[in-house]
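**Student:** Submitted below is the structure of interest, expressed as structure tokens.
The values are calculated or read from the model by the stated rules, or taken from the named source; none is laboratory data. Every value quoted in this text rests on a predicted model; they were computed, and no experiment measured them. As a convention, Cβ positions derive from the backbone with ideal geometry for all residues, glycine included, and neighbour counts pool all protein chains shown. The area values use the complete protein model at the heavy-atom level, side chains included, leaving out ligands, DNA and RNA. Shrake-Rupley method; radii C 1.70, N 1.55, O 1.52, S 1.80 Å.
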Amino acid sequence: MTTDRPEPHGDWESVARYVPELLDRLRDHLWFVTPDMGEVLYSTRAFESLYDLPLQSLYDDPASPIRLGNPDDTGEIRRSFAEQRATPEAREFRIRVSTDAGNDRILRLRTVPIVATDGTFEVLGGLTEDVTERERATAEIERLNDLMTMVLDSTSDSILLITPDDRVGYANRTLRNALGLDLGEETQGRPIAEVMPQRPAMLYDLSEQVRTDGRTRTVSWFEPQHGRWFETTMTKAGDDVLSVSEDRTERREAEARERQWVEATNRAERLDALGRMAGSIAHDVGNLMRLALSGLSEAADALHAGGDATGGLADATHAAERALSVTHQLLAFSRGTETAPHPVSVDAVIASMRTLIERSMGDLVDVRVDLASDSAMVMSDESRLEQLILNLVTNARRAMPDGGRFTVSTRRRPTDPSTGRDESLELIVADTGRGMPPDVVERAFEPFYTTDQAHGTGLGLSTVYSTAVAAGGTVRIDSAVGAGTRIVVDLPVVVGADRPPPSTVLLVDTFGPDSDATLEALEAGGHDVNRLTPSRIVSELDRHPRRYGVVVLDPLVDGGAGIALLRQLRTLHPTTPIVLLSGRTSHADLADGGGVVFVAPPYGHAELLRAVETASGRNG
């Protein structure tokens, strides 16, 4: 390097004496030697810490540091120094040294030849820096990068790093194999549309949304070319977006097979319960059909005698509708139709199943029901909750072959600020059966795990667990051998979805077991109910026009006199909402004009409660 000797500037004379001391404090080694490297002209004391040698040894033997270096490095350095004497120009080297003190270091040497204006090579200057930690850190980063690449390449997920301009920042081996790319084919920096021409447009939109708001997003999509299902999760990574796609085809197929198996098992459980009810149901339907035949016989006699057959026909129709209602409810339960999750009253579901629970348990089991959740609503589906309860009933029945006591209860647990627990509903099912040992309790929720090889499927409690989790809740079991079993299903209450404030309901008595069932369902739904005979309805409303939120009426009550009562109510008390229960389509016109909610049998308790709530809302 040819230089003109710069003139000292500033007050050089005042500071010149401090320069050697300052240079000696530097961690890097500054040195000057003659062009032939035969003599060291100047060296800072950093030499001592780099080579673990006294400074004087360098002056005595300029080649002493070279002899500490790795032979592979020193040979290259000697050749380079020889070339530098012939062609003076700056050079840079790395040398690994092992000192006599046992220290291994990596040093970086930068040499600068000082050449006079006439071209004479006067001095070789150099700076030696200890880069040991830096080199080790770089090597560790490279090792981790190689390890990360190996991990990413070994996963079965397709991983893609998307740059802001929709180019490939990185694609792992799984993705490259899926795209049919050669191992050595370069993808980094190429447009994604060029590398993946079949990529769905929604994935481009998804990556842009993630890049804009920083929120992680997951989407499932179907790739028609190979008939595969994928689940892709995108996460913001700096300015880029990391996309991880999992092939879910086999899992979806397995889940579909499992759902089919669970549905088949649930259907079997339902049919088993229905089979146990068959005798009782046959008795009830038989009684109703006898009433129907009696009414038809009465009507025939009246017609034969030239009289009025209306009363007999009304009785027959009424009994036939009730029989149809019973069979419809049984069919609805056996089908187990499932809908999208929505707010459901657990108390109402249990109330509608009470007869089924009692008959499933049989005469040897004392069934007790205590519904005290104040009609709290949970996010689920009536069919799933029915299946959950039925599974618990089935397990309890099998645990008490010689009889016992079965209790189903609900209670509402308020929010607990000290623990952060939100308001919830507890469904508690307890029996006095055989109980379970700890190892069985621990595995009770595992799919297909059963201790009853003769009758069990291993899906009863696992279905209970999955239904509770789907509703955001939990399940726990308290049981001991010989001490019975207590299962607690804890479900979060849907905030703001409680039933409307209970109405005081005026129920027109139908003089039969169906009236008792209606009364029970309304009270389970939280309503105060006053049941009166048809002749007392109008006078009761005259005395207390504001007491009742809704009137529940069957137009076929009292031999069809309910139709006349309905028209009378609409004339005298037009603002009083009415829930009209009738299976005859010719009565649908009675709901015209507002103020009447029409419910066509066959109907269940849930439909009845919804009708009452709807009618009450119209009044409010």
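**Student:** Look at the range 115-129 and say how many of its residues are touching an Asp or Glu at 6+ places or on another chain (Cβ under 8 Å) and under 30 Å from Asn103 (Cα atoms).
**Tutor:** 3
**Student:** Please count how many residues of the range 372-402 are over 30 Å from the mean Cα position of the chain (by Cα) and closer than 27 Å to Ser424 by Cα.
**Tutor:** 1
**Student:** Being of a type in the set (Val, Ile, Thr) and either touching a strand residue (DSSP E or B) at 6+ places or on another chain (Cβ under 7 Å) or closer than 22 Å to Val475 by Cβ (or both) is the filter; apply it to the range 355-388 and report the residue that is modelled with the lowest pLDDT.
**Tutor:** Ile357
Residues are listed down the side, and each one gets a yes or a no for (1) in contact with a helix residue (DSSP H, G or I) (Cβ under 7 Å, 6 or more places away or on another chain); (2) at pLDDT 80 or above:
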site	(1), (2)
Asp4	no, no
Leu26	yes, yes
Ser49	no, yes
Leu55	yes, yes
Tyr59	no, yes
Ala63	no, yes
Phe81	no, no
Pro88	no, no
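**Student:** Now for a different question. Does any residue of the range 379-390 turn out to be more than 14 Å from Met353 (Cα to Cα) and open to solvent by 20 Å² or more (accessible area, probe 1.4 Å)?
**Tutor:** yes
**Student:** Continuing with this model, one more query. Touching a Ser or Thr at 6+ places or on another chain (Cβ under 7 Å) and either assigned to a strand (DSSP E or B) or open to solvent by 70 Å² or more (accessible area, probe 1.4 Å) (or both): is that true of Leu147 in this structure?
**Tutor:** Answer is no for this residue.
**Student:** Then there's this: In the range 453-477, which residue that is touching a strand residue (DSSP E or B) at 6+ places or on another chain (Cβ under 9 Å) and of a type in the set (S, T, N, Q) is modelled with the lowest pLDDT?
**Tutor:** Thr467
**Student:** Now for a separate question. Just to be sure I understand, how many residues within the range 151-172 are out of contact with any Ser or Thr (no Cβ under 8 Å at 6 or more places or on another chain), open to solvent by 30 Å² or more (accessible area, probe 1.4 Å) and modelled with pLDDT of 85 or more?
**Tutor:** Residues in the range 151-172 being out of contact with any Ser or Thr (no Cβ under 8 Å at 6 or more places or on another chain), open to solvent by 30 Å² or more (accessible area, probe 1.4 Å) and modelled with pLDDT of 85 or more: 4 in total.
**Student:** Next question, about the same structure. Tell me which residues, restricted to the range 29-59, are farther than 29 Å from Gly119 by Cα and not small (Gly, Ala, Ser).
**Tutor:** Result: Arg45, Phe47, Glu48, Leu50, Tyr51, Asp52, Leu53, Pro54, Leu55, Gln56.
**Student:** Moving on. Restricting to the range 113-126, what's the tally of residues that are open to solvent by 50 Å² or more (accessible area, probe 1.4 Å) and closer than 23 Å to Leu23 by Cβ?
**Tutor:** Residues in the range 113-126 being open to solvent by 50 Å² or more (accessible area, probe 1.4 Å) and closer than 23 Å to Leu23 by Cβ: 1 in total.
**Student:** Which pairs have Cβ atoms under 6 Å, sit 6 or more apart or on different chains, and link a residue in the range 222-246 that is under 13 Å from Gly169 (Cβ atoms) to one that is open to solvent by 60 Å² or more (accessible area, probe 1.4 Å) and at pLDDT 85 or above?
**Tutor:** Note: pairs meeting the criteria are Asp239/Pro164.
**Student:** Counting only residues that are at pLDDT 75 or above and either among the charged types (D, E, K, R) or surrounded by 16 or more Cβ atoms within 10 Å (Cβ to Cβ) (or both), how many does the range 489-505 have?
**Tutor:** Number of matching residues: 7.
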